[in-house]
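Values in this text are rule-based calculations from the coordinates and carry no lab data. Predicted, not measured: the structure shown is a model, and the values here were computed from it. Backbone-built Cβ (ideal geometry, glycine too); neighbour counts: all protein chains shown.
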Amino acid sequence: MDLTGATWRKSTRSGNSECVEVADNLPDVVAVRDSKDPAGPALTFDSHVWRDFVAFARRR
């Protein structure tokens with residue numbers, strides 16, 4: 001998958017620490033990568049699956 005146009009962001013709660021970054025500006029897909037290795041691999045999820053995951057995590 002081409003992630004060239006991805007706009008990556010990480011949680012403001014992470015401060016200066018390393019964590020995961022999310023790109024949710026791509027059509028129908030959300031990408032997740034390790035902020036320590038931005039040139040490394042990224043996981044991709046269908047946007048509806050990502051929304052369900054975030055909703056579940058917020059309930060915890």
Within-14-Å neighbourhood charge of residue 57 [Cβ basis; K, R +1; D, E -1]: +4
Rounded to the nearest 500, the 222 nm mean residue ellipticity computed for the chain from DSSP H runs (n ≥ 4, each -39500 (n - 2.57)) alone is -7000 deg cm²/dmol
Summing +1 per Lys or Arg and -1 per Asp or Glu among the other residues with Cβ less than 14 Å from residue 10's Cβ gives -1
Please list, in chain and number order, the residues 5+ apart from residue 35 or on another chain whose amide H is under 5 Å from its amide H, with Hs placed from the backbone. 19, 20, 21
By the Kirkwood definition, with r running over pairs of different Cα atoms, the stretch 2-57 has a hydrodynamic radius in Å of 11.8
Under 14 Å from the Cβ of residue 21, count the other residues' Cβ atoms, weight Lys and Arg +1, Asp and Glu -1, and hand me the total. +1
